[in-house]
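Encoded as structure tokens, the structure appears first; notes follow it.
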Amino acid sequence: MGCSSGKDVQDTAYTGPTTLVGSHLKTAEDVVDYPHFPDGTKSLLKKHLTPAIWNELKDKQDKHGFTFKQAIFSGCKNTDSGIGVYAGSHDSYAAFAPLMDKIILDYHKHGKSAKHVSDMDASKLKAPPFAPEDAAMIVSTRIRVGRNLADYPLGPGLSKQQRLDIMNTVVKALETFEGDLQGKFYPLQGMSKDVQNKLIEDHFLFKQVSTPLQTARERFKDLDKMQYLMNLCVAVLDIIKIRRVNALGQSPFIYIMTRRNIRGIKVLEGDRFLEACNLNREWPEGRGIFHNDEKTFLVWVNEEDQLRIISMQQGADLHKVFERLQRATTHIEKVAKFAHDSHLGYITSCPTNLGTALRASVHIRLPKLSQRWDEFQKIADEFYVQIRGIHGEHSESTDATYDISNKRRLGRSEKDLVQDMYNGVKKMIEREKQL
Ligand code: ADP
Ligand code: CIR
């Protein structure tokens with residue numbers, strides 16, 4: 001959709017043709033002219049996409065055929081994005097460097113000539129165990145890293161066959177784990193919705209992708225015919241309302257969240273940010289989860305990244321979680337070759353994950369501190385940690401329990417980033433106890 005107002009576009013004096021962006025866009029090709037973001041858009045995409053960069057890159061593609069418009073489409077469609085771009089391959093970071101470099105510098109403070117460093121040595125952590133009363137606030141601890149195979153594009157740029165080939169290669173590599181890391185692969189295709197939902201609710205599996213109609217069907221499958229029909233009407237009204245909310249430029253996600261517990265029936269949603277960058281194509285084919293019996297070591301296959309290697313357990317034993325992850329990654333590096341370079345470290349589809357692709361988190365109850373949101377956020381900023389809801393990124397929190405994790409991922413080693421999370425959490429616990 002074209003518009004020629006040229007007003008309020010990234011604070012420049014640009015007066016050429018623009019495309020008003022938002023949830024009404026259907027495909028990346030709908031972004032015909034320089035994106036005009038609605039007021040209130042705070043993404044790094046909006047901040048750094050100047051008319052000059054747009055003109056330079058708008059018709060470019062990386063060497064796997066992933067276009068610049070595809071790379072920015074998630075942020076154009078979802079104007080509430082924090083970042084708004086995804087890479088279709090390792091080469092996207094070079095092909096779209098005028099924009100990518102600015103976003104990487106802004107998010108990670110990692111300049112064009114900076115080198116990434118790595119040190120996944122859990123024994124170097126300066127993190128004495130939390131005192132029992134402090135540890136009691138921590139529900140669970142998790143560390144994940146993302147990895148992508150060196151010889152393929154990234155998820156947004158994969159063909160269906162490539163995705164299947166990756167799954168087969170990865171599963172073979174996972175079958176070489178031994179001892180406490182030994183486990184089994186469960187493909188998503190064919191897995192019952194009940195098993196999937198239970199795994200999601202227990203925080204072991206990524207959110208499922210489903211259309212509103214599938215969600216409605218799932219919601220009502222145990223009801224009798226009359227109830228089913230009545231509920232289906234409500235669901236259809238929901239869908240219409242979601243569309244209307246969309247058209248008004250508000251976030252349908254917020255709308256869905258407010259309706260999450262309609263009659264106690266939970267609505268589980270996929271990720272519209274990933275949907276818009278092509279990551280959810282042919283779902284659930286080629287996706288799955290590997291885990292050991294205790295579900296303390298898990299690997300997600302072909303979600304946002306081709307591998308998400310996860311170590312987690314109940315409670316606050318950060319050393320144990322980190323040590324398990326260290327063993328797992330050391331082993332898998334020997335049997336698989338991952339996309340990596342000396343500037344960007346491990347290559348991931350979202351620029352926020354470049355470098356270590358590591359997110360160390362705890363789920364922690366902070367009923368008093370979380371009432372003082374500005375102070376809570378100030379501590380988070382000071383210690384380079386981020387606050388998320390406990391149902392994954394972009395989720396709300398319940399029960400005053402929050403997901404606290406390292407924000408930085410590139411230019412610093414794994415042990416330093418786990419240390420960031422420990423330091424931030426320690427400070428939050430200290431403040432919670434003073435209140
Ligand atoms: P990421 O894969 O980037 O870490 P999310 O924020 O979407 O992505 O989290 C993925 C899943 O992991 C969610 O179900 C979330 O609740 C769960 N999770 C994250 N941190 C923890 C933790 N410390 N304890 C238990 N579950 C966690
Ligand atoms: C955004 O820009 O808000 C989304 N594309 C998510 C960014 C960071 N999270 C992620 O990669 N999981």
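The values are calculated or read from the model by the stated rules, or taken from the named source; none is laboratory data. If you're wondering where the values come from, they're calculated on a predicted model, not measured in any experiment. With ideal geometry, Cβ positions are generated from the backbone for all residues, glycine too; neighbour counts draw on all protein chains shown. Protein only, heavy atoms only, side chains kept; ligands, DNA and RNA dropped before computing areas. Shrake-Rupley method; radii C 1.70, N 1.55, O 1.52, S 1.80 Å.
What is the packing order of peptides 403-410, 424-431, taking the mean over residues of other C-beta atoms within 10 Å and listing the highest first?
Ranking the peptides 403-410, 424-431 by packing returns 403-410, 424-431.
Once you list every other residue whose beta carbon is under 12 Å from the beta carbon of Asp91, what net charge do they have if Lys and Arg are +1 and Asp and Glu are -1?
Net charge around Asp91: 0.
Can you run phi through the Karplus equation (6.51, -1.76, 1.60; θ = phi - 60°) for segment 125-139 and list ³J(HN,Hα) in whole Hz, with x for Gly and Pro?
Karplus values, whole Hz, x for Gly and Pro: 5, 9, 9, x, x, 5, 4, x, 5, 6, 4, 5, 6, 8, 7.
Taking θ as phi - 60°, what are the ³J(HN,Hα) couplings along segment 403-417 by the Karplus curve (6.51, -1.76, 1.60), each to the nearest whole Hz, with x for Gly and Pro?
Each residue's phi maps through the Karplus curve to give 9, 10, 9, 4, 8, 7, 9, 10, x, 10, 7, 4, 5, 5, 6 Hz.
Go ahead and run the numbers for FRET between Val32 and Lys433, Cβ-Cβ distance against an R0 of 51 Å, rounding to 0.05.
The calculated FRET efficiency here is 0.35.
Solvent-accessible area of Tyr152, probe 1.4 Å, all protein chains present, reported in Å² to the nearest ten, please.
Tyr152 has an accessible surface of roughly 60 Å² with all protein chains in place.
Between Ser395 and Glu282, what FRET efficiency comes out of the Förster formula 1/(1 + (r/R0)^6) with R0 = 22 Å and r the beta carbon distance, rounded to 0.05?
The value I calculate is 0.30.
Given a cut-off of 27 Å, name the pairs among Lys295/Lys427; Lys109/Lys426; Lys102/Lys368; Lys102/Lys207 whose C-alpha atoms lie farther apart than that in the structure shown.
Cα-Cα > 27 Å for Lys295/Lys427; Lys102/Lys368; Lys102/Lys207; rest within.
For Phe322, tell me the accessible area in Å² from a 1.4 Å probe, rounded to the nearest 10.
Approximately 0 Å² for this residue.
Could you give the length gained on full extension between Asn55 and Lys126, defined as 0.36 nm per residue of separation minus the Cα-Cα distance, in nm?
Residue separation times 0.36 nm, minus the Cα-Cα distance, leaves 20.7 nm.
According to the square roots a ≥ b ≥ c of the eigenvalues of the Cα gyration tensor, what is the shape class of segment 18-108, taking rounded for a/c under 1.5, prolate for a/b larger than b/c otherwise, and oblate for the remainder?
Oblate, because a/c is 1.5 or more while a/b does not exceed b/c.
Tyr186's amide H: which non-local residues (gap 5+, or another chain) put their own amide H closer than 5 Å, with H modeled 1.01 Å from N in plane and none for Pro or chain starts?
Ile289, Phe290, His291
How far, in nm, would the chain grow between Lys112 and Thr169 when pulled straight, counting 0.36 nm per residue and subtracting the alpha carbon separation?
17.2 nm
For Leu205, what residues show an amide H to amide H distance below 5 Å, using hydrogens built from the backbone and excluding near sequence neighbours?
HN-HN under 5 Å from Leu205: Ile200.
Ranking request for peptides 304-310, 113-119: highest mean number of other beta-carbon atoms within 10 Å first, then the rest in descending order.
304-310, 113-119
Can you give me the long-range amide H partners of Lys368? Hydrogens built in the peptide plane at 1.01 Å from N, cutoff under 5 Å, separation of 5 or more residues or another chain.
For Lys368, no residues qualify.
In whole Hz, with x marking every Gly and Pro, tabulate ³J(HN,Hα) for segment 350-365 from phi via Karplus 6.51 cos²θ - 1.76 cosθ + 1.60, θ = phi - 60°.
Here the 3J(HN,Hα) series is 9, x, 5, 9, 3, x, 8, 6, 9, 10, 9, 9, 10, 9, 9, 8 Hz.
Using the alpha-carbon centroid of each, what span in Å lies between segment 104-136 and segment 385-435?
That distance is 12 Å.
Given R₀ = 30 Å, what would the calculated FRET efficiency be for His319 paired with Lys198, taking r from the Cβ atoms and rounding to 0.05?
0.55
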